[in-house]
Structures are given as C-alpha cells and as structure tokens.
Amino acid sequence: MVKFVYDFSEGNKDLKDLLGGKGANLAEMTNLGLPVPAGFTITTDACRTFLRTGHGPDGLDTEIAAHLADLEAAMGRKLGDPNDPLLVSVRSGAPFSMPGMMETVLNVGLNDESVAGLSRQAGGNDRFAWDSYRRLIQMFGKTVCDVPGDEFEQALQHAKSSRGVHDDVELDAAALQELVGAYKKVFAEHTGHDFPQDPRDQMDQAVEAVFRSWNADRAVLYRRQERIPADLGTAVNIVAMVFGNLGPDSGTGVAFTRDPATGESGIYGDYLANAQGEDVVAGIRNTLSLHELEGLDKKSYDELLKIMATLEGHYRDLCDIEFTIERGKLWMLQTRVGKRTAAAAFTIAAQLVDEGMIDLDEALTRVTGAQLGQLMFPRFDLAENPAAITRGVGASPGAAFGEVVFTAAHAVEKAGQGHKVILVRRETNPDDLPGMIAAQGILTSRGGKTSHAAVVARGMGKTCVCGADQVEVGRDEFTVAGHVVHEGDVISIDGTTGRVYLGEVPVRPSEVVQYFEGDLDPAQANDPLVAAVHRIMTHADSRSRLRVRTNADTGLDAARARRFGAQGIGLCRTEHMFLGDRRSLVERLILAHNPTERRDALDALLPLQRADFLDIFREMNGLPVTVRLIDPPLHEFLPSLEELAVQVAVAQERGEEVEREQRMLNAVRRMHEQNPMLGLRGVRLGLVIPGLFAMQVRAITEAAVALAAEGGRPRPEIMVPLVGAVQELETVRAEAEKIIADVVGDSGVEVLIGTMIEVPRAALTAGQIAEAAEFFSFGTNDLTQMGWGFSRDDVEGAFFWRYLELGIFGISPFESIDRDGVGRLVRIASEEGRQARPGLKLGVCGEHGGDPDSVHFFHEVGLDYVSCSPFRVPIARLEAGRAAIESAGSDHR
Ligand code: PEP
Ligand code: MG
C-alpha cells in the first residue's frame, strides 16, 4: 500500500521529492538528534492526487488520524483540548525551495475554549494566548479562505492607534481579545460563516489550502522564473507548535552558517524576541543580529552555534536555519542548504575545499554558469564620489539604477514601456513578485538580509537594498534625510554596500571581467572572489572535454574572446564586412550589367576581405577559425523598397535624372521576397551569383597564406551556410578546392571545408552531407526556426508569453535547446555524420552554444566544441567542466 504520511523519524534528507525540502530536512535533523518539535509530513504524492481529483487519496484521512494520535501521545496533549491544547503548525514544503511562495498556518487547534487552556498552560499568560488566537484567525482567513489580508491589517492598526501604541507587542491581553472579536467579524463577513471551532476541521482545511497554494498565481510565476517543473506538488508538514511569543525570554530567528551575500566565513542571522516565525521573514519589525542574542540568552546562543557547526559538517555546505526559543529552550524548525549570491557561491565553494570538506570536482558542481554570468555585470564607478542619501542592508549585490516606482503594477507597466525602474516598498510580500521581476532593483525600508525582498532578489540575481530604515515610503514619494524622491525620479542602488544615490551613478566593469581580461593577476589580487573564480575555472578547464570557441567577426572581438579563454572561432559571420562604406561595392555587384562589371566589383572587395581575415587569423594564431561564407539575402544590403520608390517618384516629379535610382529600384523589386529567411540566402546565393563565394574563398586562403608567410600558424575552416542537400555542398566545394589549391601552393596552409547544419533536411541527410564535409557546425538558431516553423524575428514578442503560460515549453527554444525536437535533429546528424565519416569534427555556433543547459546537452551528444559570444565564453567553459564531471557519474550533486 502506498504510504502518504511519514513521521519525522521515518524520513531523511534524500527524500526531498516525496517529503519536500522542509520535511526531508526536518527528518534528517530529527535523526541527527537535534531538538526538532515532533511532527509528520504528508507527501507530495498526496498533493498531486488532490490537485488532480480535488480530494486527497483514499486512506489519507486514516493515516493522518493515526499519525496525529502518535503526535498527541508523544506530546501528552490532544489537538485543541480545551484544558491543555496541543497546537500544530501546518507548513508547506516543496521539493525546491520557493521562499514565501507557499502557505503556512500556525497555531492550528485554537478556538474559543482552548484559548483559555493555552493561557493556563503558559502560566496564566492571557496576552500570549489571545495573540496566538488572533494570528490563527488572520493566517487561516488569508490562506484558507482568501480573506483580504488588508482587512486584518486595518483592524490591527486600529487596535494599536486606539490605544496609542506603536508595536504589536505593546498590545495587552484585553486589546488582543478585542482584536480576536474584530478578526472574527472580518472573517464572517468575507466567508459567510463563523471561524471554524473544530480543531481537526481547521487542520484538514489548512492542509488542503497548502495543497492548493501550489497553483497560486505567484507560485506559478516563481516556478516559471526559476525553471521549477510545474507538476511536483508540495508536501505538508504538521508540526507541534513551539512558541517564540511567550515573552521576552522567547523569540524566533533565522541564521546562516556563513554570510549568504558575500560568502565570508562566520555565522550570520537575525533574531526577534517575543515573536513568531513569520515576523522575521516578513520584515515586520527590525531585527537584532545573532550576536546580540548572545547577550540575551547565552545558553541558547551557544547551543545554536554548536548545532550550526553540526549541520554544516553534515551537509558539507552553507545551511540556513529557522529556530525558535521558547522560554530559554531552543528548537530547530527548519534547515536547508541555503540560497546564496553568485559571489558567495564561488567564495564558499573555494573555502570548503580549503577546509577539506569537499574536493575541487564537487566545488565545480556547486557553482553555475548563470552565477558566473551575474558576476560579470558591471558595478558602480564611485570615482566622482557621489553622496549617498541613505544606506540600508546590501542584500543582493549588483548596481542598478532606474526610475522610482512604488507598486508592483507600476513596475510591470513602466518596464513594459522600456523604462528601467527601481521598485521601492516598505517591505515586499509574495504579491510583489511580478514587480520584482520587472524591476532593475528593489529598495525596502524594513527587513534584514533574510526578509522576503532579500531572499527572493538573491534567488533571482537581482540587486536589492533592504532595511533602509530612514526611508519613509509614501504612496507616490519617499523621503529620506531631507530629500523628497517622487515617482519617476531616478535613483541608483548598490546591492553590495547598501548605499542609495540620487540620479544615475556611472558603472564600472566587474573584477571578474577584469581578471578574464588579464588586467588582474589572481595571485596578487587579494580579492577572495577573484581567487575562487580563478581556481574553479582552472579546474573546469582541466576537466572539460568540450572545447569552447567564440563567435567573432572582428580582430577586436577575437582578441577579447581569446583573453576570455576561447580556443578558436566557431563562427565568423562575414556579412558585416559588406556594410558601411563597402555598401557601394555590393550595390555595384548587384546592379552589374555584365560579367565584367560583376568581376570588377568582386575584385574591389577581395583585398578588403583579405585584410579582414588576416586581422582575425593573426589574433587567433594557432587556433582554428571557421569563416562562414556570406549568408543573408543580398537585398538586405540595399535601400528599402518603400523609401526608394518614394525617392524615385519625387525625383521624377521634379524632372531630375533618376536612371541609377531606377535601376536600383528595379533590382530591389526583383529581389524582394515574401519570406526572406526561406529565400535566396546562404549557399543558394553562392550558387546564383557567380564569383561571390569564389572571391571569399580566395580572400580567406590568401589571408591564411599571408599569415603563414609571416611565420604564423593559420588554421582556416571554410563553412557553407544553409546547405540542405549534399549536391549544393559538392558544387561549392568543387569550385573552392580549385581556388584553394591554386592559392596555397607550397605554403603548407591547410584549409578545411565544412558546412552548417541548420536546415532540418541537412540534419536528416547528414550521412550524405558528411561525404562532402570535413566538419559540421550546428546552426541551432535556424534549426530551431525551421524545426519548429517559428520565425526567429517575430515569435518571441508575438506569442511566446502564451506558450510559456500554457507550459508548452518552460523556456524559449531559441534560448535553450529543445532537446526532444531540435536536439534530436542534432543527435541524428551527429551520429549519422560520424558513421559516414569517422572523426568528423562537430560543433555548434547558434546562440545555444552559450546557454548553460544546452552546453550539457552538447556534451552528452558528443560534439567537439561549442561556440558562443565572447562574453559567454567563461560561462561555457565552466559548464563544459561541470558537464564532464556530471557525465563521469559523479554523485556529488
Ligand atoms: C544559426 O542559424 O544558428 C547561425 C549560427 O547562423 P545565423 O544566426 O547567422 O543565421
Ligand atoms: Mg543560420
């Protein structure tokens, strides 16, 4: 029989898929003998059944009843017993952490009778009992019955203002009892029934609400953003309540075993006395640092430190922790391997190697290309010494500037119009997520590094400053230190230092980029981040099988990519070489009346092209350079049809001489295509315009011979675009081979000839095509376009949002390779190509070459290299190393 409920003593950390992260780790801590309140977990299986059918699986009720009975026996109390009630929390816990996205209900089991029992249990502490009850109604109302949270907030504000107090903790028992009455009224008005008094009924409803919260809008949005699969479901944890709101000797906190923002060694955390869990994370009151707890309760502090060390040793990683102190007794409510910034990920991975906890292979699996990408963003240049208007907590690093907006909706709207915005809020809550995604950065006036804003921003790699408590946030302006900042004014925020500036502060490049550029010697740089990046990248290179080349069309780009670690050029697009002042030569080519005129135009282009290639070959001396023959339709180099037609008509009207323009207009009309992407481009152009490819082949070969004559070692590879049939390639090849033989002479230069595989037919006839190709390079941009039938220039804006919403794909197939479809074409072509020609060199030069997930796929398929834009080269190198470790069957992850 399938089991749907597990006691904490039955699970372990490896059962995340079934018990969710929270449940699995609570079980792990229980088994480590740490002080975890008793409880049990309802599995994600049960949730999936509920979401599918609208009710829990058969037998779930009975299983819950049995585990509840065990829990009651362990605690010596019955759920909601009027005299001595057991209270429980009902907590979500998905397989992947989704901070603040899912629901939790605390104090379940309280009702009009058991509130008195709870007070007695707490030594006659009426204030505590009523505070717990009002929290239950508030959380239950919001979570289970969709009562608008503001209504409860207003009643709470009213209670405080009518008594002239500022903080929740200043409300006495009578005030809280009255507040319970007000909350019940709010509840009944919105739901049409009274607040449920039966404790088991409360629990069952809370469990179902947690199940349902899996599909709440904000959770769906978060999953999409974080690429978490939609069908996992959440587990639910039922945990005996322990209380942080029993008075000044109680409290609740969150802690990290290392600083999650910088990676610095040493514990870090926030503590709030006399409060319950959600108060800390919601940033409702400003918190104390963990070190201040030492002064308040040394015994608990020492125990906490010991537990943190145990957990780090056990998980061999940074852990984050939620804990509660109930009258001097420490309880662990949660732990997990903690989220961290990109900088912290690298720094911590290197530290753990130094501390002997992990090896370098594992360190490599602990960082990602996406994180490396974040570190390559620029930061503020403070040379001008701009004065900060205030300083908050640097919660998520980076430099961001933009127009101030005060609501998530405005953030979305303005960003949609192309504005950069900074979302300014007192504190954020999960409803702000769309605005946080749309904004460049987030500034809050309340909450610490563990507040909602901080945790979510870090997860997204978005700049965030929080807890800037001098900032008074109003409806459409904020004030700080005598400044009034209106909606639409520009500010700059520094997520590392926490500083906030008026206006736009200039930015400077990251140290990591400077390191890659060779401007920083990692041995001398005393920046631990640069040292960590250097060490991990060096290890990645030593492990990777895939080589990483770059897409570069100029000597400048080639040189930069080489500094970034590129091992050659995988795609040199030649079309830009036909622009600028060379346009007139292209026009001459297109308008040529006869072969002589055409040859003259090509002869004029030849030396220019030769110089282009020589420049690039020099920069890549000794490394392979794949030059692609011209690809786009030639009319892209001519004026637009509309503009030209108007120009000719106006000139004719004025009686001016228009013979040349008229010829051009005729040519543009003749060449106009309804579907240029499927028209006269690539190899087709080479077959139709005599001499065009020949000129390029000659220029490439002559440049290579020139470099060889200088003592260099050119390794040119000529690539033919858009081939769909082997006959196309054979025709181009025959002509090219003659030219190459003619030019190369005894220079020793070797020129390879290969093709792009970017038309589905080419992929499906790769065995034939390989007979005429020494290498394949997958053009996954066109292969995706033609594989899906998606116009690559139009669809992303037109309808991809809907496809993403419907889950047809989780990410644009132009961004990350569609393994099942387009990826299959790559796989077939690789296998059949290599069968026909063993040793066939295989690479990819579409955008996917720099996408982390896709790099892993290309490794699996057995390509020799990926090629990507210079800036992505380090990312691809890192991922190539990770892919090699993963496929070597490392069980480190
Ligand atoms: C491709 O199609 O993937 C490719 C690299 O060529 P382009 O983007 O120039 O069409
Ligand atoms: Mg292409």
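The values are calculated or read from the model by the stated rules, or taken from the named source; none is laboratory data. Since we're looking at a predicted model, the values are computed, not measured. Note that we place each Cβ from the backbone using ideal geometry, even for glycine, and neighbour counts take in every protein chain shown. Heavy atoms of the whole protein, side chains included, go into the accessibility calculation; ligands, DNA and RNA do not. Shrake-Rupley method; radii C 1.70, N 1.55, O 1.52, S 1.80 Å.
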Quiz prompt | Identity of the residue in segment 20-33, of a type in the set (A, V, I, L, M) and in contact with an Asp or Glu (Cβ under 9 Å, 6 or more places away or on another chain), that ends up nearest to Leu68 (Cα to Cα) | solution = Ala27
Quiz item: For Glu805, are the conditions met, namely being at pLDDT below 95, open to solvent by 40 Å² or more (accessible area, probe 1.4 Å) and within 15 Å of ligand 1 (Cβ to nearest atom)?
Solution: no
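Determine which member of the set Ala363, Ala408, Ala399 is in contact (Cβ under 8 Å) with a residue 40 or more places away in the chain, of a type in the set (Gly, Ala, Ser) and open to solvent by 10 Å² or more (accessible area, probe 1.4 Å).
Selected residue: Ala399, the only one of Ala363, Ala408, Ala399 that is in contact (Cβ under 8 Å) with a residue 40 or more places away in the chain, of a type in the set (Gly, Ala, Ser) and open to solvent by 10 Å² or more (accessible area, probe 1.4 Å).
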Quiz item: Restricting to helices (runs of 4 or more DSSP H) lying wholly in segment 637-727: which have 3 or more residues that are closer than 22 Å to Glu774 by Cα?
Solution: 683-688, 692-709
Practice problem: Looking only at segment 720-727, decide whether some residue is under 15 Å from Thr626 (Cα atoms) and away from ligand 2 (no atom under 16 Å from the Cβ). | Solution: no
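I need the full set of residues from segment 300-356 which are in a helix (DSSP H, G or I), among the small types (Gly, Ala, Ser) and surrounded by fewer than 20 Cβ atoms within 10 Å (Cβ to Cβ), in order please.
Listed by number, the residues that qualify are Ala309, Gly313.
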Quiz item: Looking at segment 425-445, is at least one residue out of contact with any strand residue (DSSP E or B) (no Cβ under 7 Å at 6 or more places or on another chain), of a type in the set (Val, Ile, Thr) and crowded, with 22+ Cβ neighbours inside 10 Å?
Solution: no
Practice problem: For segment 718-747, enumerate the residues that are within 16 Å of ligand 1 (Cβ to nearest atom) and out of contact with any strand residue (DSSP E or B) (no Cβ under 8 Å at 6 or more places or on another chain). | Solution: Gly724
Quiz prompt | Lone unmet requirement of (1) out of contact with any Ser or Thr (no Cβ under 7 Å at 6 or more places or on another chain); (2) under 25 Å from Val88 (Cβ atoms) for Gly233 | solution = (1)
Quiz item: What is the residue count in segment 641-659 for residues that are exposed (fewer than 15 other Cβ atoms within 10 Å of the Cβ) and in contact (Cβ under 8 Å) with a residue 24 or more places away in the chain?
Solution: 1
Practice problem: Pick out, from segment 368-438, the helices (runs of 4 or more DSSP H) lying fully within it that include 2 or more residues that are closer than 15 Å to Val490 by Cα and of a type in the set (A, V, I, L, M, F, W, C). | Solution: 408-416
Quiz item: Across segment 785-806, what is the total count of residues that are of a type outside the set (A, V, I, L, M) and near ligand 2 (Cβ under 10 Å from one of its atoms)?
Solution: 2
Quiz item: Can you name every residue in segment 758-778 that is part of a helix (DSSP H, G or I) and hydrophobic (A, V, I, L, M, F, W, C)?
Solution: Ala762, Ala763, Leu764, Ala766, Ile769, Ala770, Ala772
Self-check item: Positions within segment 71-99 being out of contact with any strand residue (DSSP E or B) (no Cβ under 7 Å at 6 or more places or on another chain) and open to solvent by 40 Å² or more (accessible area, probe 1.4 Å), in sequence order
Solution: Ala73, Ala74, Gly76, Asp81, Pro82, Asn83, Asp84, Phe96
Exercise. Consider Asp631 carefully, then state whether it is within 16 Å of ligand 1 (Cβ to nearest atom), touching a residue at least 40 places away in the same chain (Cβ under 8 Å) and open to solvent by less than 30 Å² (accessible area, probe 1.4 Å).
Key: yes
Exercise. Could you tell me which numbered condition Phe800 fails, if it satisfies all but one of (1) within 15 Å of ligand 1 (Cβ to nearest atom); (2) within 26 Å of the chain's Cα centre (by Cα)?
Key: (1)
Practice problem: Could you check how many residues of segment 671-717 are within 16 Å of ligand 2 (Cβ to nearest atom) and touching a strand residue (DSSP E or B) at 6+ places or on another chain (Cβ under 6 Å)? | Solution: 1
Quiz prompt | Single residue of Leu556, Leu606, Leu585, Leu602 found to be in a helix (DSSP H, G or I), closer than 18 Å to Pro716 by Cβ and either away from ligand 2 (no atom under 16 Å from the Cβ) or open to solvent by 10 Å² or more (accessible area, probe 1.4 Å) (or both) | solution = Leu606
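Taking segment 46-60 on its own, how many of its residues are surrounded by fewer than 18 Cβ atoms within 10 Å (Cβ to Cβ) and under 15 Å from Tyr6 (Cα atoms)?
Residues meeting the conditions: 1.
Does Ser830 count as hydroxyl-bearing (Ser, Thr, Tyr) and either in contact with a Phe, Trp or Tyr (Cβ under 8 Å, 6 or more places away or on another chain) or crowded, with 24+ Cβ neighbours inside 10 Å (or both)? Outline the logic, then answer.
On the way: hydroxyl-bearing (Ser, Thr, Tyr): yes; either in contact with a Phe, Trp or Tyr (Cβ under 8 Å, 6 or more places away or on another chain) or crowded, with 24+ Cβ neighbours inside 10 Å (or both): yes.
Taking the combined requirement at face value, the residue satisfies it.
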Quiz prompt | Yes/no for Arg872 being part of a helix (DSSP H, G or I), modelled with pLDDT under 95 and within 14 Å of ligand 1 (Cβ to nearest atom) | solution = yes
Quiz item: Only one residue in Thr755, Thr784, Thr731 is open to solvent by 70 Å² or more (accessible area, probe 1.4 Å), touching a residue at least 12 places away in the same chain (Cβ under 8 Å), under 26 Å from Asn675 (Cα atoms) and not in a loop (DSSP other than H, G, I, E, B). Which one?
Solution: Thr731
Self-check item: Residues satisfying the stated conditions in segment 760-772, i.e. more than 11 Å from Ile828 (Cα to Cα), away from ligand 2 (no atom under 16 Å from the Cβ) and in contact with a Gly (Cβ under 7 Å, 6 or more places away or on another chain)
Solution: Ala770
Quiz item: In segment 734-752, which residue that is acidic (Asp, Glu) and touching a residue at least 12 places away in the same chain (Cβ under 8 Å) is nearest to Leu678 (Cα to Cα)?
Solution: Glu735
Self-check item: segment 510-553, subset touching a strand residue (DSSP E or B) at 6+ places or on another chain (Cβ under 9 Å) and modelled with pLDDT under 95, residue surrounded by the most Cβ atoms within 10 Å (Cβ to Cβ)
Solution: Ala552
Practice problem: Show the residue pairs that are 6+ apart or on different chains and have beta-carbon atoms under 7 Å apart, the first residue being within segment 39-61 and closer than 25 Å to Leu86 by Cα, the second being at pLDDT 95 or above and surrounded by fewer than 14 Cβ atoms within 10 Å (Cβ to Cβ). | Solution: none
